[in-house]
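Chemist: The following block contains the structure, expressed as structure tokens.
The values are calculated or read from the model by the stated rules, or taken from the named source; none is laboratory data. Predicted model, so just to flag it, every value in this text is computed and none were measured. Glycine also receives a Cβ, built like all others from the backbone with ideal geometry; neighbour counts cover every protein chain displayed. In case anyone asks, the SASA skips ligands and DNA or RNA and just uses the protein heavy atoms, side chains included. Shrake-Rupley method; radii C 1.70, N 1.55, O 1.52, S 1.80 Å.
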Amino acid sequence: MKLSRRHFAATLAAAPVAVAQQAPPAPPADAQRRGTAPEVPPFQEPLTFTRGDVAPKVRPFPMTQVRLLAGPFQDAAEWNRGYMSRLPVDRLVRNFKVNAGLPTSAQPFGGWEQPNNGEKLHRASELRGHFTGHFLSASAQLYASAGDQAAKSKGDEIVDELAKCQKKLTGGYLSAFPSEFFDRLDARQEVWAPFYTVHKIMAGMFDMYQLTGNKQALDVLQGMAGWADQWTASKSEEHMQDILNTEYGGMNEILYNLAASTNDDRWAKAGDRYTKKRFFNPLASRRDELRGLHVNTHIPQVIGAARRYELSGDYRFHDVADYFWYEVVGARSYVTTGTSNGEGWLAQPRQLAAELKRAVSTEECCCSYNMLKLTRHLYQWTADPRYFDYYERSLLNMRLGTIHPHTGQTQYYLSLTPGAWKTFNTEFDSFWCCTGTGVEEYSKLNDSIYWHDPDGVYVNLFIASELNWAEKGLRLKQETKFPEAPSTMITITADKPVQTAIRLRIPEWISGGSVKINGKLVDALASPGSYISLSRTWRSGDRIEMSMPMSLRAESMPDDHHQQAFLYGPLVLAGDLGSDGLTEAMTIGPNVPPVRKAPQLDIPTFHASGRELSSWITPADGPLSFRTSGQARDVALSPINSIFGKRYSVYWQVS
Ligand SMILES: [Zn+2]
């Protein structure tokens, strides 16, 4: 097989790719993606829910059928598992028990789990309890992804403790803070985000039910959903729309999920009350009015829209999710795929250089977690492999590199300010939003590698892993050192010969490459950003090898072509600016690097006019390592996911 950008038009017939969509991260050029304000906003009328499931084009294999093998993803999973195992149950449920008036002698956590302890200096967090919800989801996922019985037992224990709290609190409402917070929400008085927190607990219960079969978790969830249904039903639509100005996580999504799983439309109708119309109307009309919005308040709402479309076929919700994704990925994401600055979208679309100057706190990690979640929905509708170009780039740059090796602590922001460094949560006194989505992310890294449709399997990610396709009596073992080595090998085990298609994603960044079956070159043409479909009768011992050569390239800011970042294949490179002046206190604990407290750095600039990148950025010692040459000050470059304890820069001024 020859793979070349010049052969882009000659895609394999098997590649199920529509032509209207551009590969990320290029902005959408298609005029259809530019909307105008319609006379009647799409979401003007009250919503009525009618169930009508949209059949997905492709489905992911359940995590129980995929196991990670040794490699960087398994390492990250293990570091996270270690962190989770160090968090005791009695401390995780402590604030819930206090709130329910049940006895506990457990030490409270700090940070966003800090309770009211009577000291003015330690202001109570109004989000307390949120992390326990994330922890339940992560525990359920550890069980599904690795068969981790200890994680399931711990999750079961938490569910049981929280069920007791719910019973004591009259059977519906369940939280680590009093329901008085909801009175304040109703009265439009100051309160942080009570529904955001309740959503995490509901989602945790849902995952414990779905992924581990815990029926008590479903009972607790239905009690909570009943409470939320009653609470929202008592508000006028106008008042409810006002209430939705306060962050509410994915309340719509969890209620749609519950409706789907119990076949009870009551929950979907409750979910519809969390449709923030002033946010959805411009999106459904394909207009970007995202400037000024808090990013991670809104991504979960769009995931809810995606789920609403899947359950009802209502295309307005499809358009909300579809347009939002293209706009965020194409016009509001940095080279790493990270989005947000100071947690918001501060500038107009495609003004990222201007946006980057506004704050050090770029790229909130939970935004990446949620964008990956949204991407899975869109891929499911289309089977377009280019969603996985984005997915892979995000996994490699925003996820693999934002978990601390060995300790499993994770980042809040991945700063792109030149001279920044990575900072991580403390063990017991942070519990940021991103700590919560962090434990979830790294407990399901085997998810979405393999998908299937009636005709066969899709291999979307190059991660050492094993797929057990029990229904077909087929096993695929993927062995790879990717991204350190640009190749992968899949070995088949089959109970008896199986006729099916195995489609390999041909990444958009590939330069050249080949596919071999049992050592023999496959004579076919496939273009980057498509699939090569290998359809035949597979037998035990059959072997597929794919080489995926990477090359260096630059990507510039859309609003400043002299501001450039360098990539090697899907890997974003960062320049090593040393570690002078960095202390542990500057690295563990702060949610954003205190750049002004560190020694001032001169960030090198580069001259490269008219020359090939490879003429002045050349391989250095060590895997995936590079070095500039011939510059006033040369810099060592390596993947951002491998830089820890160092100051770095990703974007450079290149003249
Ligand atoms: Zn966050």
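Chemist: So what is the accessible area of the chain per residue, in Å², with the probe set to 1.4 Å?
Modeler: In whole numbers, the chain has 38 Å² accessible per residue.
Chemist: Right, here's the next one. Within the range 52-119, which GluC sites (Glu not before Pro) sit in a loop by DSSP and count at most 12 neighbouring Cβ atoms inside 10 Å?
Modeler: 119
Chemist: Related question: For the range 63-94, state which trypsin sites (Lys or Arg not before Pro) are in a DSSP loop and have at most 16 other beta carbons lying within 10 Å of their beta carbon.
Modeler: 86
Chemist: Compute the semi-axes of the equivalent ellipsoid of the range 446-604, taking the square root of 5 times each eigenvalue of the Cα gyration tensor, and list them largest first in whole Å.
Modeler: Result for the range 446-604: semi-axes of 42, 20, 13 Å.
Chemist: Tell me which aspartates and glutamates have Cα within less than 16 Å of residue 215's Cα, excluding those fewer than 8 residues away on the same chain?
Modeler: 156, 157, 160, 161, 207
Chemist: What net charge do the residues around residue 339 carry, taking every other residue with its C-beta under 12 Å from that of residue 339, with Lys and Arg at +1 and Asp and Glu at -1?
Modeler: -4
Chemist: Could you calculate the contour length gain from residue 167 to residue 516, that is, 0.36 nm times the residue separation minus the distance between their Cα atoms, to one decimal place in nm?
Modeler: 119.6 nm
Chemist: Related question: Please pull out the direction-averaged projected area of the range 529-597, using the convex hull of its alpha-carbon atoms, in nm² to one decimal place.
Modeler: So the Cα hull casts an average projection of 10.3 nm².
Chemist: I've got another one for you. Return one number: the angle in degrees, 0 to 90 and rounded to the nearest 10, between the long axis of the Cα atoms of helix 194-212 and the longest principal axis of the Cα atoms of the chain.
Modeler: Around 70 degrees separate the two axes.
Chemist: Go through the range 150-234 and name the GluC sites (Glu not before Pro) that are in a DSSP coil and have 11 or fewer other Cβ atoms within 10 Å of their Cβ.
Modeler: 190
Chemist: For the range 381-413 and the range 493-547, what is the separation of their Cα centres, given in Å?
Modeler: Each part reduced to its Cα centre gives a spacing of 25 Å.
Chemist: Could I ask something else about it? Can you give me the long-range amide H partners of residue 559? Hydrogens built in the peptide plane at 1.01 Å from N, cutoff under 5 Å, separation of 5 or more residues or another chain.
Modeler: Under 5 Å from the amide H of residue 559 lie the amide H atoms of 352, 353, each far enough along the sequence or on another chain.
Chemist: Which of the lysines could be linked to residue 373 by a straight reach, that is with a Cα gap under 21 Å, when you skip same-chain ones fewer than 8 residues away?
Modeler: Correct list for residue 373: 57, 200, 276, 444.
Chemist: I would also like to ask the following. Rounded to the nearest 20 debye, what is the charge dipole size of the chain about its Cα centre when +1 sits on each Lys and Arg Cβ and -1 on each Asp and Glu Cβ?
Modeler: 840 debye
Chemist: Using the charge dipole of the range 524-573 (Lys, Arg: +1 at Cβ; Asp, Glu: -1 at Cβ; taken about the Cα centre), state which of 534, 552, 564 has its Cα farthest towards the positive end.
Modeler: 534
Chemist: How large is the Kirkwood hydrodynamic radius of the chain, in angstrom, based on all distinct alpha carbon pairs?
Modeler: Kirkwood radius, the chain: 25.7 Å.
Chemist: In addition: Provide the net charge surrounding residue 133, with neighbours chosen by a C-beta distance below 12 Å and charges set as Lys +1, Arg +1, Asp -1, Glu -1.
Modeler: -1
Chemist: List the lysines whose Cα sits under 20 Å from the Cα of residue 496, skipping any in the same chain fewer than 8 residues away.
Modeler: By straight Cα distance, residue 496 reaches 472, 477.
Chemist: Quick one: pull the percent of accessible area on the range 37-102 belonging to carbon and sulfur, 1.4 Å probe, ligands and nucleic acids left out.
Modeler: 53 percent
Chemist: Excluding residue 392 itself, calculate the net charge of residues whose Cβ lies under 12 Å from the Cβ of residue 392, where each Lys or Arg counts +1 and each Asp or Glu counts -1.
Modeler: Counting the neighbours of residue 392, the net charge comes to +2.
Chemist: Could you state the number of Å between the C-alpha centres of the range 338-377 and the range 455-485?
Modeler: Here the two parts' Cα centres lie 31 Å apart.
Chemist: What does the C-alpha gyration tensor say about the overall shape of the range 37-149? Classify as rounded when a/c is under 1.5, otherwise prolate if a/b is larger than b/c, or oblate.
Modeler: In terms of gyration-tensor shape, oblate.
Chemist: Could you calculate the contour length gain from residue 406 to residue 579, that is, 0.36 nm times the residue separation minus the distance between their Cα atoms, to one decimal place in nm?
Modeler: Going from the current span to full extension adds 60.3 nm.
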